[in-house]
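Engineer: Can you read through this structure? Questions will come right after.
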Amino acid sequence: MNASDKELFREAEEVLRENWRGGYTIPSPTLYPFQWLWDSGFIALGLAYIDPERAVGEIESLFVGQWDNGMIPHIIFHRENDAYYPGPGVWRTPPKGPDAPRTSGISQPPVLGFILERILDLVVDREPVEVLIRKLYPRLAAFHRYWRRDRDPGGEDLCYLRHNWESGLDNAPVWDHPLSQVPVTGESLAPFRKDLAHVDPSQRPDDTEYQRYIWLVNLFAEYEYDEQKLFERCPFRLQDPLTNALLIASDRALHRLGERLGLHEQAETFRRWGEEGTRAMNQKLHDPGTGLYRAFDLQDQQPIAAPYLPAFAAALFGGIPDQEAADRFVQQTIIPLARDDSLYLMPTVPPGSRSFSPRNYWRGPIWVNINWLLYHGLQRYGYEEWAMRVREDTIALITQYGFHEYFNPLRTRGKGYGTDRFSWSAALAIDLLHQ
Ligand code: 9WN
């Protein structure tokens, strides 16, 4: 590491220390003051370089919120705090017991399997991590079984999402059409929202979008989170290639981990899930023309045409396409973006697309976690040069503008948006600096 990388590493450590709440890390003290599921996965990976014990604690604390049906919720409200909307009073999830923290009632991309494997491979003292994996293995199996059973009632080997927040890519253009089928309440949520006090509204979802998000939450609460009823009644039901790719990547990692630790029987189930999921993704969600993966709308029974670059980054990361399909995507999409001098890699929406908006959240800006998936995915398929470019751009953006949540992909407008001191930007920068 050169001097500037060392300084960046030191600052990243500082961000993770600031956001540590004793037992777990919050994504941001202003915007997100609780524990989030996929954030904590990425954060644990960064922590493994600086304090493996904290990394173990970060993952373990997520399981405090696990539901009896196996679901790990996307938010765990460990402590009371009214600085975030929607809080526990809106979610109205069934309390698990007097001492258990309240939670949200949806999940997020299942990253823990592959994160645990990476952590085990990088720490010097493996024992505490192996102990953790053995302890959590049945609970991780319950979590994956939840995706593979409750979220796949049609038995297609593809899980479905019932809220756009579950994808982690809240207002990505891919959700525009399915969300248009969700009613708006007509009552502005601006007075309740806390995010608008910290971030310019043009960088966040708008009021109508939030009304739809909350309409869905109200539906879940009304049906008391009964998965079967929700599958029948929820107007938003999407087979998302990003979530499926990360589920498969975690299935495969958990298979390998189980084999390493002698947990053969359950390991075999993870292997089967990974294999069946890969086949289903390539059959149903892959568009051979463009090489892209598309979300499938179960409501309309049709694929969603909106460009969805993060899903492909996740698919490359998970090793889902064959080499030929990966080549087609990289050559048709990534290399032209990389050769465009006006851009940093990788905008989450192609700048030529009608829905591209370089400042608005998941509608164009660069996100560090998606770049991290892309970096590892490109390496996996032999695109070392372009992987290095993704790494360089990510580090350059953070060095220039700070540990922001997202960044403008246009070089002339370079700027970071959303919250600053964002935990996964810091944690994944630490991992990228060590590559
Ligand atoms: C809703 C915490 C989370 C991330 C998501 C990101 C954003 C929440 C919000 O923040 O979503 O879950 O209130 O906007 O989109 O990916 O996990 O960092």
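The values are calculated or read from the model by the stated rules, or taken from the named source; none is laboratory data. Keep in mind that what you see is a predicted model, and the values were worked out from it rather than measured. Note: ideal-geometry Cβ built from the backbone for every residue, glycine included; neighbour counts use all protein chains shown. Just the protein is used for accessible areas: all its heavy atoms, side chains included, with ligands, DNA and RNA removed. Shrake-Rupley method; radii C 1.70, N 1.55, O 1.52, S 1.80 Å.
Engineer: Within segment 13-33, count every residue that is more than 16 Å from the ligand (Cβ to nearest atom) and either open to solvent by less than 10 Å² (accessible area, probe 1.4 Å) or assigned to a loop (DSSP other than H, G, I, E, B) (or both). Write out each step before concluding.
Structural biologist: Taking segment 13-33 as the starting set, the residues that turn out to be more than 16 Å from the ligand (Cβ to nearest atom) are 13-14, 17, 22-23.
Now narrow it down to the ones that are either open to solvent by less than 10 Å² (accessible area, probe 1.4 Å) or assigned to a loop (DSSP other than H, G, I, E, B) (or both): 22-23.
Qualifying residue count, segment 13-33: 2.
Engineer: Can you confirm whether segment 190-207 contains a residue that is farther than 27 Å from Phe63 by Cβ and among the polar types (S, T, N, Q)?
Structural biologist: Taking segment 190-207 as the starting set, the residues that turn out to be farther than 27 Å from Phe63 by Cβ are 190-207.
Going one step further and asking which of them are among the polar types (S, T, N, Q), we end up with 202-203.
Yes, the conditions are met somewhere in segment 190-207.
Engineer: Please verify whether segment 351-358 includes one or more residues that are modelled with pLDDT of 95 or more, buried (at least 21 other Cβ atoms within 10 Å of the Cβ) and either part of a helix (DSSP H, G or I) or in contact with a helix residue (DSSP H, G or I) (Cβ under 9 Å, 6 or more places away or on another chain) (or both).
Structural biologist: Within segment 351-358 (the criterion being modelled with pLDDT of 95 or more, buried (at least 21 other Cβ atoms within 10 Å of the Cβ) and either part of a helix (DSSP H, G or I) or in contact with a helix residue (DSSP H, G or I) (Cβ under 9 Å, 6 or more places away or on another chain) (or both)), the answer is no, since none of the residues qualifies.
Engineer: Pick from segment 390-435 the residues that are more than 16 Å from the ligand (Cβ to nearest atom) and of a type in the set (Asp, Glu): which of them is most open to solvent (accessible area, probe 1.4 Å)?
Structural biologist: The residue in question is Glu392.
Engineer: Counting only residues that are out of contact with any Pro (no Cβ under 9 Å at 6 or more places or on another chain) and surrounded by 16 or more Cβ atoms within 10 Å (Cβ to Cβ), which one in segment 222-238 is nearest to Ile304 (Cα to Cα)?
Structural biologist: In this case the residue turns out to be Cys234.
Engineer: Quick one: Ile43 ticks every box in (1) within 26 Å of Asp200 (Cβ to Cβ); (2) surrounded by fewer than 22 Cβ atoms within 10 Å (Cβ to Cβ) except a single one, so which number is it?
Structural biologist: (2)
Engineer: Name the residue that is surrounded by the fewest Cβ atoms within 10 Å (Cβ to Cβ), counting only residues in segment 138-171 that are within 16 Å of the ligand (Cβ to nearest atom) and part of a loop (DSSP other than H, G, I, E, B). If you could, list the steps in order and put the result at the bottom.
Structural biologist: From segment 138-171, those within 16 Å of the ligand (Cβ to nearest atom) are 161-171; that's our starting set.
Pick out the ones that are also part of a loop (DSSP other than H, G, I, E, B) and you get 162-163, 168-171.
Details: Arg162: 23, His163: 26, Gly168: 24, Leu169: 25, Asp170: 18, Asn171: 21.
Restricting to residues being within 16 Å of the ligand (Cβ to nearest atom) and part of a loop (DSSP other than H, G, I, E, B), the top hit is Asp170.
Engineer: Right, next: Which of the residues that make up segment 85-126 are on the phi > 0 side of the Ramachandran plot and in contact (Cβ under 8 Å) with a residue 60 or more places away in the chain?
Structural biologist: First, pick out the residues of segment 85-126 that are on the phi > 0 side of the Ramachandran plot: 92, 97.
Once the filter is applied, which keeps residues that are on the phi > 0 side of the Ramachandran plot and in contact (Cβ under 8 Å) with a residue 60 or more places away in the chain, segment 85-126 yields only Arg92.
Engineer: Mind checking which helices (runs of 4 or more DSSP H) fall wholly inside segment 264-332 and carry at least 1 residues that are of a type in the set (S, T, N, Q) and under 22 Å from the mean Cα position of the chain (by Cα)? Outline the logic, then answer.
Structural biologist: On the way: elements: 264-280, 309-318, 323-329.
Qualifying helices (runs of 4 or more DSSP H): 264-280.
Engineer: Take segment 262-275 and flag every residue that is closer than 15 Å to Leu158 by Cβ and open to solvent by 50 Å² or more (accessible area, probe 1.4 Å). Step through it out loud before you land on a result.
Structural biologist: Residues of segment 262-275 closer than 15 Å to Leu158 by Cβ: 272-275.
Within segment 262-275, Arg272, Glu275 meet the criteria.
Engineer: Can I ask one more? I'd like to verify a number: residues in segment 34-73 that are of a type outside the set (Asp, Glu), more than 13 Å from the ligand (Cβ to nearest atom) and part of a helix (DSSP H, G or I), how many?
Structural biologist: Matching residues across segment 34-73 total 17.
Engineer: Right, another one. Checking the condition within 16 Å of the ligand (Cβ to nearest atom) and of a type outside the set (Val, Ile, Thr), which residue from Pro321, Pro336, Pro307, Pro365 passes? Walk me through how you get there before you give the answer.
Structural biologist: Values: Pro321 fails: within 16 Å of the ligand (Cβ to nearest atom); Pro336 fails: within 16 Å of the ligand (Cβ to nearest atom); Pro307 fails: within 16 Å of the ligand (Cβ to nearest atom).
Being within 16 Å of the ligand (Cβ to nearest atom) and of a type outside the set (Val, Ile, Thr) holds for just one of Pro321, Pro336, Pro307, Pro365, which is Pro365.
Engineer: Find all pairs meeting these conditions: Cβ atoms under 9 angstrom apart; at least six residues apart or on different chains; first residue within segment 177-199 and free of Cβ contacts under 8 Å to residues at least 40 places away in the same chain and farther than 20 Å from Thr419 by Cβ; second residue among the aliphatic types (A, V, I, L, M) and within 16 Å of the ligand (Cβ to nearest atom).
Structural biologist: Thr185/Ile214
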